[in-house]
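Here the structure comes first, spelled out in structure tokens, and everything after it is commentary.
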Amino acid sequence: MENKEYLDLINYSLIQMDKGSYIEALEKFTAIANSDMFKKLKDQDRLFLKKRISWIQLSLGYYDEGWNNFTYNWLKNSSKFKKIKHENNSIKYLINFDQIKNKEKILIWNDGGYGDYIYQLRLLKYIKKITSFQIYTSKMDHLIRDKKTITSTSKHYDWHLPLNEIPRILFFNPKLNYKFEYNYLIKPKKIFLDYKDHVALTYKTETSIHKSIDYKLLSKLFVKKNNIKFLILQNYLSSKEKLFFSNYKNVEFINDLDNLLLFNDTFNIINAVKYVISVDTAVTHIAGYLGKKNYLLLMYPSSFYWGYDKSVSSDYPNHIIIRQKETGKWERVINKLIDLIN
């Protein structure tokens, strides 16, 4: 295969993946990875393609293959654990449990977003069965129930592992790993009970413009469902956004949300409201943890967390998934949401 033909195949596979044609994209990516040309690519290019392959495999439910291709992931995190290595130069990155010897300890640290943090903490119960661990301090410490699991140093640890690598090292499969005890966060406070008749709405995330919805598109939702009290559960509202929401009598927002501690108000508000409408961000994972009904509005294609085309979540039984049919097109999602909620 010539270089140009090979590059054309890679580009074609990426386009198919972005279109959501995962079966065809996986077939092409697999052929690419098994070719002699793949070995000649730069490390970063090989890792990029392995990442795409693992995403597709995990989305389609091919967990063993997906996590094997996810093994590369630690390489891209090397810049993130410089502080850990600086404190403890002998600490090693854990690739598999066979490396752990008797009484060796693991340091778990957050390498992803805050939603990843909430999502992956539930898997620590499986780590606990194998060896002892502690969680490296972060901005989420105040939400952890057992403060004894938190440490502010990497000294005296033999291995370290980012939270996002826990599913890989466990070969997580939601069909086999599903009996979770949702008690690893603090008990919610009953300080926002005034919002018990409201529906919380989160429409944007700071981490991705593609996951976010243009606030003006919400007008139809507010008008069609004027019998519902909506609470905008969102930080960093602009003056234009506030002015827009103020036009609707059934819409409220909170100034200085989570002003003191990250997600502290949000956590307690979600516990109080009737249900939640959210894009793919930490709010949807908090809602899942608290067992709240959550209408999850997903971009296309979405994270492998949510599978390929399911309308329910393998992780959170009270989630109802509404997906884009075409990347960037939210109108159909909002229309379906209007049909489903009451």
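Can you tell me which residue within the range 65-95, out of those that are at pLDDT below 90 and among the polar types (S, T, N, Q), is farthest from residue 49 (Cα to Cα)?
79
For residue 303, only one of the following conditions fails: (1) surrounded by 16 or more Cβ atoms within 10 Å (Cβ to Cβ); (2) touching a strand residue (DSSP E or B) at 6+ places or on another chain (Cβ under 7 Å). What is its number?
Unmet condition: (2).
Can residue 148 be described as assigned to a helix (DSSP H, G or I), of a type in the set (Lys, Arg), more than 21 Å from the chain's Cα centre (by Cα) and closer than 28 Å to residue 189 by Cα?
Spelling it out, residue 148 is indeed assigned to a helix (DSSP H, G or I), of a type in the set (Lys, Arg), more than 21 Å from the chain's Cα centre (by Cα) and closer than 28 Å to residue 189 by Cα.
Considering only the range 1-35, how many residues are out of contact with any helix residue (DSSP H, G or I) (no Cβ under 9 Å at 6 or more places or on another chain), within 23 Å of residue 58 (Cβ to Cβ) and exposed (fewer than 15 other Cβ atoms within 10 Å of the Cβ)?
Residues flagged as out of contact with any helix residue (DSSP H, G or I) (no Cβ under 9 Å at 6 or more places or on another chain), within 23 Å of residue 58 (Cβ to Cβ) and exposed (fewer than 15 other Cβ atoms within 10 Å of the Cβ) within the range 1-35 amount to 2.
In the range 204-258, what residues are touching a residue at least 40 places away in the same chain (Cβ under 8 Å), surrounded by 15 or more Cβ atoms within 10 Å (Cβ to Cβ) and assigned to a helix (DSSP H, G or I)?
Hits for the range 204-258 are 218, 221, 224.
Exactly one of (1) in a helix (DSSP H, G or I); (2) closer than 30 Å to residue 65 by Cα; (3) over 19 Å from the mean Cα position of the chain (by Cα); (4) not hydroxyl-bearing (Ser, Thr, Tyr) is unmet by residue 176. Its number?
Unmet for residue 176, out of (1) in a helix (DSSP H, G or I); (2) closer than 30 Å to residue 65 by Cα; (3) over 19 Å from the mean Cα position of the chain (by Cα); (4) not hydroxyl-bearing (Ser, Thr, Tyr): (1).
Does the range 3-13 contain any residue that is more than 22 Å from residue 309 (Cα to Cα), part of a helix (DSSP H, G or I), polar (S, T, N, Q) and under 26 Å from the mean Cα position of the chain (by Cα)?
The answer is no; no qualifying residue exists.
The values are calculated or read from the model by the stated rules, or taken from the named source; none is laboratory data. Here the structure is a predicted model, which means the values were calculated and not measured. Quick reminder, even Gly has a Cβ in these numbers, built from the backbone with ideal geometry, and neighbours come from all protein chains shown.
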